[in-house]
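The values are calculated or read from the model by the stated rules, or taken from the named source; none is laboratory data. Just so you know, these numbers come straight off a predicted model, no measurement behind them. For neighbour counting, all protein chains shown are included, and Cβ atoms are generated from backbone atoms with ideal geometry for every residue, glycine included. Just the protein is used for accessible areas: all its heavy atoms, side chains included, with ligands, DNA and RNA removed. Shrake-Rupley method; radii C 1.70, N 1.55, O 1.52, S 1.80 Å.
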Amino acid sequence: MSLHLGLDVGGTNLKWAVVERESLEPRLVKTGLLPTDTRGGEESVVRQLIEVARAVFGDIDGVESVGVGMPGVLDPAAGVTRFIPNIPGNWDGVQVTDAIARGVEAPCHLINDARAFALAEHGLGAGRGATSMLGITLGTGVGGGLILDGRLHLGYQGTAGEFGHQTIVPDGPPCGCGNRGCLETFARAGAIAAASGQPDVEGAVAAARAGDPRAQQAFRDAGRYLGIGVSNVVVLVGVDRVVLGGGVAAAGELLLGPIREELQRRVHVTDVTRIEVVCGELGIWAGAIGAALHSSPVRLHAPHPDPLP
Ligand SMILES: [Zn+2]
């Protein structure tokens with residue numbers, strides 16, 4: 001048995017998952033969820049991560065490693081957070097992995113939550129069997145992760161896959177990252193809700209499905225911008241599957257349809273009918289599952305070995 005624990009930390013909840021990856025097909029063994037303890041800022045969050053990891057290691061025999069998925073800007077190689085807007089605390093320069101590794105006496109690795117989503121959906125979910133996959137997380141922000149030739153592509157300092165921060169409209173609205181006109185400014189939950197005239201994106205989905213023309217237009221517009229962004233990725237790196245996750249993905253065909261139309265319109269360097277654009281299958285557990293997979297030394301679907309150090 002090769003068991004790995006993944007911890008997925010959000011501003012509201014902390015989710016965990018234990019994944020077994022002895023065989024070629026990884027398997028989900030157990031999951032759990034509890035409210036994130038943000039009362040003491042970053043200190044109480046890290047303390048809670050150690051406590052949860054210890055509890056799981058105590059309950060389940062043979063867990064070998066821990067992965068931690070977090071939203072925001074991280075230095076994954078150093079196990080250090082840089083900027084996390086959605087979890088209370090001062091996260092600049094917080095060492096997360098060392099204390100957890102000491103607490104459970106097992107290796108611990110850090111990964112951006114959208115990269116973890118992509119890894120999970122490719123290993124156990126809607127991306128199974130894809131050669132190269134783009135994962136997109138749609139929520140408060142717009143994140144992403146790239147699987148290239150069967151492997152998660154981390155790029156320089158783990159920053160590859162920031163799908164939401166590509167410029168989609170020159171001189172468009174300001175983005176939280178410092179740029180203007182990022183895809184995120186048009187496709188994040190708050191932007192779609194505002195364009196729909198609804199208090200939140202759940203209301204926007206309900207209104208669009210009930211036939212409200214303003215809400216339907218808001219999803220067509222967001223889907224069009226997403227489709228342009230996906231088309232750019234497709235022509236650049238050649239993905240054969242696109243998997244949408246996060247709360248806004250509950251809109252389903254309201255977004256998938258316009259994305260597919262935009263792909264048909266803009267991509268002429270490859271056969272777009274072979275590119276599948278689908279919603280994720282792992283729901284709220286994707287981040288924790290991906291963090292667990294990331295912590296495992298086994299790299300499945302790998303066409304070539306890890307490069308020598
Ligand atoms: Zn941005």
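Details
- Per DSSP, loop trypsin sites (Lys or Arg not before Pro) in segment 25-127 with at most 10 further Cβ within 10 Å: R39
- With both residues required to sit in segment 131-280, DSSP beta bridges show an antiparallel share near 55%.
- Extension gain, T131 back to E281 (0.36 nm per residue minus Cα-Cα distance, nm): 52.2 nm
- Each residue of segment 29-44 was assigned a 3J(HN,Hα) from its phi angle through the Karplus curve 6.51 cos²θ - 1.76 cosθ + 1.60 (θ = phi - 60°); the sequence is 9, 7, 9, x, 9, 8, x, 5, 8, 9, 4, x, x, 5, 5, 5 Hz, with glycine and proline shown as x.
- Each residue of segment 216-229 is assigned a 3J(HN,Hα), and the resulting list reads 4, 5, 4, 6, 4, 5, 4, x, 5, 5, 4, x, 5, x Hz, derived from the Karplus form 6.51 cos²θ - 1.76 cosθ + 1.60 (θ = phi - 60°), x at Gly and Pro.
- Prolate/oblate/rounded call for segment 93-173, Cα gyration tensor, a/c under 1.5 rounded: oblate
- Estimated 222 nm signal from helices in the chain, with DSSP H stretches of n ≥ 4 weighted -39500 (n - 2.57), rounded to 500: -11000 deg cm²/dmol
- Hypothetical label at A78: residues of segment 156-186 whose amide nitrogen lies under 16 Å (7 Å Cα-Cβ projection): 156-159
- Computed FRET value (nearest 0.05) for S2 with L33, which takes r as the C-beta separation and R₀ as 30 Å: 0.80
- The mean accessible area for residues of the chain, using a 1.4 Å probe and ignoring ligands and nucleic acids, is 45 Å² per residue.
- With both residues required to sit in the chain, DSSP beta bridges show an antiparallel share near 60%.
- For segment 213-254, backbone nitrogen atoms closer than 20 Å to the point 7 Å from Y156 Cα along Cα-to-C-beta are found at 233, 236-237.
- Relative contact order (percent, whole number), the chain, Cα cutoff 8 Å, 6+ residue spacing: 21 percent
- Note, ³J(HN,Hα) from phi for segment 244-259, Karplus 6.51, -1.76, 1.60, rounded to Hz, x at Gly and Pro: 9, x, x, x, 5, 5, 4, 5, x, 4, 4, 9, 4, x, x, 5
- Prolate/oblate/rounded call for the chain, Cα gyration tensor, a/c under 1.5 rounded: prolate
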